[in-house]
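Structure, as structure tokens:
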Amino acid sequence: MPMLPRLSHRIFLAILVLGAYSQIVQAILIREGLVVFYGNEVSLGVFFASWLFWVALGSISVLWLRESRFVRQPLPALRLLLLLLPLLLLAQVLALRAVRLLLDVSSAEFVPLGELFLALFLITLPSSLVLGIAFPVGCRALEQAARSGRAEAVGEVARLYVADALGALSGGVLFTFVLVQWFGPAGAVGLLTLALGLTALSLGPGVGRFAGLAVAATGLLLVATPLAPRLDSALEHLRFATLQPGLELLDTVETRYGHVAVARFGEQISVVRDGKIGQSFPQPERVQQEAAYFYAQAQGAKRVLLLGGFAGGLAAELLRYPLERIDQVEEDRRAFERVEPYLHAENRRALQDSRLHLHFGDGRRFVNRLTPEERFDLVLVLDAAPTSAYSNRYFTQEFYQRVRARLTADGVLCTQVSSSSNYLGSTVRSYTASVFATLQAVFPEVAIMPGDEQVYCAAQRPGRVSEDPQALARRYRDTPLDAHRFPAESFRSLLEPERISFVREQLTAGDRDLNRDDKPITYYLNMVLWGKFSASGFVDWLERLRAMGPWPYLLPPFLFILLWLLRAALEGFHRPTLQRGAATLALVALGTIAMAGQLAVLLSYQSHVGFMFERVALLNGLFMTGLALGAGLGASLSRRVRPTGILLWV
């Protein structure tokens with residue numbers, strides 16, 4: 001009899017470890033998905049929906065198999081599940097890193113949204129299905145160990161749920177502050193493998209003891225030897241070969257903002273962020289053109305703010321102009337230090353120029369923290385694209401208003417967005433028009449430079465920005481430089497009047513939505529554009545749903561409730577049956593609301609803070625902690641208050 005409490009404690013420990021494993025694995029897979037799908041958070045909703053579907057299916061399967069030996073002997077079953085999880089995680093990581101090969105999608109192509117959703121649906125299956133099985137098996141093992149009666153069922157399940165949630169919180173904290181900082185993906189897998197192996201061994205002797213020792217030893221080998229870094233390197237090269245074939249991988253680092261790689265193609269170095277090439281250098285002709293154009297738009301500028309893009313060389317080229325100060329904001333110091341050894345010589349010299357002030361941190365937060373006395377003549381936001389919730393923050397009305405408040409009276413803001421130099425289809429037009437309309441809502445003057453990357457320069461004073469190539473060429477020639485490297489005549493080819501008129505007409509035609517922090521329409525339109533480029537039929541269906549408003553989402557549950565009430569009326573209002581049905585419906589509704597709330601919190605955190613890549617496990621762990629507190633409170637209240645009353649209150 002004295003052994004029973006200790007066995008109960010070991011079962012609680014196993015569930016706690018499984019809760020930690022769940023959060024860490026979710027974080028690992030989400031981060032892997034963000035890299036191979038180019039940093040777009042649209043995969044989050046599909047990931048969590050798929051994960052919970054397989055968890056539910058795993059739990060239901062235990063009910064279907066309740067008379068089987070597997071469920072009737074839960075301790076060996078729980079031990080087996082613990083030992084399976086490390087192998088399943090490794091298979092999932094390999095599948096995600098090779099997903100483009102599996103889908104036969106080249107690096108130059110967008111993964112069709114339908115295939116993206118299907119891939120995530122299948123890749124999440126192994127771990128989530130096993131975790132779904134493990135929880136009810138753990139409940140059965142605990143029931144046998146503690147010999148608790150039906151009267152204590154609610155309390156036992158609630159306590160086990162609390163253990164699972166506390167494990168989730170522990171896993172979130174461990175991943176965020178330890179694994180991310182000190183271990184690579186292979187090291188994290190090794191630590192999980194060691195923990196799962198030791199936990200399996202703690203459940204007592206029996207079949208699988210040798211396997212438990214082998215799993216624990218494998219985990220220790222990964223954590224305590226150089227094997228983990230070598231495995232990380234091999235897996236990194238596998239993923240990079242699918243994302244950017246033809247480039248030679250030089251270095252990689254995972255920061256709080258995402259994954260950064262440095263690669264080479266011939267004499268050119270590229271910085272690859274979340275699978276996409278962000279900057280390539282040296283490109284002297286392009287940099288000279290950009291510097292000439294931007295300075296001509298803000299002629300006489302003395303103070304310039306650049307948000308990102310130092311490696312590209314624009315800051316170094318602008319230092320040739322009569323500027324007093326350049327504030328260059330780079331997101332992450334660790335990423336910058338990895339890129340710095342590969343910088344072009346002119347960029348390295350620029351770092352020694354006293355006029356250049358380098359800042360590390362989030363660009364939007366930097367703008368928000370500027371004092372009223374700190375004002376700029378030219379602000380350049382060229383390193384972002386509204387392809388993710390994080391980057392979309394640099395294209396919203398609120399951001400533009402913040403920048404306007406920190407510009408001088410003659411100040412100019414310039415940004416750019418992907419387009420097409422000769423064609424603007426309805427989807428591309430809506431996407432670029434939302435950025436243009438948002439900019440126009442804040443700045444009365446907006447000049448356009450057409451191209452595959454459309455450049456918009458905005459100002460408050462009339463006549464400050466121009467689309468006249470002769471006026472800009474004159475401003476450029478009047479700028480005192482040691483040498484005018486960019487030929488002034490080239491302004492004519494950049495700013496052909498017919499192309500500008502065509503683009504402006506397209507951008508101002510029809511209704512245009514403003515991009516806001518609380519309604520990131522440009523981010524949504526980018527997803528639609530992604531679907532169009534990848535020939536995904538899912539996007540057409542999504543657009544039809546959007547045109548119909550909220551009704552496609554409200555009608556199905558309304559009809560379901562109506563039919564359920566009709567059936568209850570025809571069969572007679574049998575109170576116990578009605579209560580069970582109502583409770584099930586309430587749980588489904590609460591689960592839907594909770595999942596929507598969790599996704600809203602994650603996307604909101606990404607939009608406002610930007611550290612979701614680093615803190616996704618912590619955020620999910622805190623969410624699970626709230627569930628644990630609710631479970632504990634619910635178990636306590638259920639002894640004093642009728643459960644139906646509690647459900648109605650919730």
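Would it be correct to say that Phe135 is among the aromatic types (Phe, Trp, Tyr), touching a helix residue (DSSP H, G or I) at 6+ places or on another chain (Cβ under 6 Å) and in contact (Cβ under 8 Å) with a residue 40 or more places away in the chain? No: the conditions fail for Phe135. Note on the range 231-256: among residues that are in contact with a Phe, Trp or Tyr (Cβ under 6 Å, 6 or more places away or on another chain) and outside any strand (DSSP E or B), the one that is surrounded by the fewest Cβ atoms within 10 Å (Cβ to Cβ) is Arg256. With respect to Val25, is the statement that it is at pLDDT 90 or above, within 24 Å of the chain's Cα centre (by Cα) and closer than 25 Å to Leu213 by Cβ true? Yes. Among the conditions (1) open to solvent by 20 Å² or more (accessible area, probe 1.4 Å); (2) modelled with pLDDT of 90 or more, the only one that Leu63 does not satisfy is (2). Looking at the range 1-112, the helices (runs of 4 or more DSSP H) lying wholly inside it that each contain 3 or more residues that are hydroxyl-bearing (Ser, Thr, Tyr) and touching a residue at least 12 places away in the same chain (Cβ under 8 Å) sit at 3-36, 42-64.
Residue check: Ala217 meets all listed conditions (1) assigned to a helix (DSSP H, G or I); (2) more than 30 Å from Leu81 (Cα to Cα); (3) among the aliphatic types (A, V, I, L, M) but one, namely (2).
Within the range 505-527, can you find the residues that are under 19 Å from Val609 (Cβ atoms) and open to solvent by 60 Å² or more (accessible area, probe 1.4 Å)? Listed by number, the residues that qualify are Arg516, Asp518, Lys519. Listed by first and then second residue, the pairs linking a residue in the range 240-251 that is under 20 Å from Val339 (Cβ atoms) to a residue that is assigned to a loop (DSSP other than H, G, I, E, B) and at pLDDT below 90, with Cβ atoms under 6 Å apart and 6 or more places separating them unless they lie on different chains, are Leu243/Ser107; Leu243/Gly275; Gln244/Ser107. Within the range 113-129, the set of residues being surrounded by fewer than 23 Cβ atoms within 10 Å (Cβ to Cβ), in contact (Cβ under 8 Å) with a residue 60 or more places away in the chain and more than 29 Å from Val528 (Cα to Cα) comprises just one member, Leu129. For the range 535-650, the helices (runs of 4 or more DSSP H) that sit wholly inside it and include 3 or more residues that are loosely packed, with under 12 Cβ neighbours inside 10 Å and modelled with pLDDT under 75 are 537-547, 551-571, 575-608, 643-649. Summed over the range 323-375, the residues that are assigned to a helix (DSSP H, G or I), open to solvent by less than 60 Å² (accessible area, probe 1.4 Å) and within 27 Å of Leu481 (Cα to Cα) give a count of 4. Of the residues Ala200, Ala195, Ala163, the single one that is at pLDDT below 85 and more than 23 Å from the chain's Cα centre (by Cα) is Ala163.
Are any residues in the range 262-307 in contact with a Gly (Cβ under 6 Å, 6 or more places away or on another chain) and assigned to a loop (DSSP other than H, G, I, E, B), and if so, which ones? Across the range 262-307, the qualifying residue is only Asp274.
Please determine whether any residue of the range 293-305 is open to solvent by less than 10 Å² (accessible area, probe 1.4 Å) and in contact with a His (Cβ under 6 Å, 6 or more places away or on another chain). There is no residue in the range 293-305 that is open to solvent by less than 10 Å² (accessible area, probe 1.4 Å) and in contact with a His (Cβ under 6 Å, 6 or more places away or on another chain).
Within the range 174-192, the set of residues being under 13 Å from Val93 (Cβ atoms) and open to solvent by 10 Å² or more (accessible area, probe 1.4 Å) comprises Gly184, Pro185, Val189, Leu192. Val272 passes every criterion in (1) closer than 30 Å to Leu29 by Cα; (2) surrounded by fewer than 22 Cβ atoms within 10 Å (Cβ to Cβ) apart from (2).
Do we have Arg474 as basic (Lys, Arg), surrounded by fewer than 21 Cβ atoms within 10 Å (Cβ to Cβ) and either touching a Phe, Trp or Tyr at 6+ places or on another chain (Cβ under 9 Å) or in contact (Cβ under 8 Å) with a residue 60 or more places away in the chain (or both) here? When the stated conditions are applied, Arg474 does not pass them.
The values are calculated or read from the model by the stated rules, or taken from the named source; none is laboratory data. Keep in mind the model is a prediction, meaning the values are calculated, not measured. Counting neighbours? That spans all protein chains shown, and the Cβs are built from the backbone with ideal geometry, glycine included. Only protein heavy atoms, including side chains, enter the accessible area calculation; ligands, DNA and RNA are left aside. Shrake-Rupley method; radii C 1.70, N 1.55, O 1.52, S 1.80 Å.
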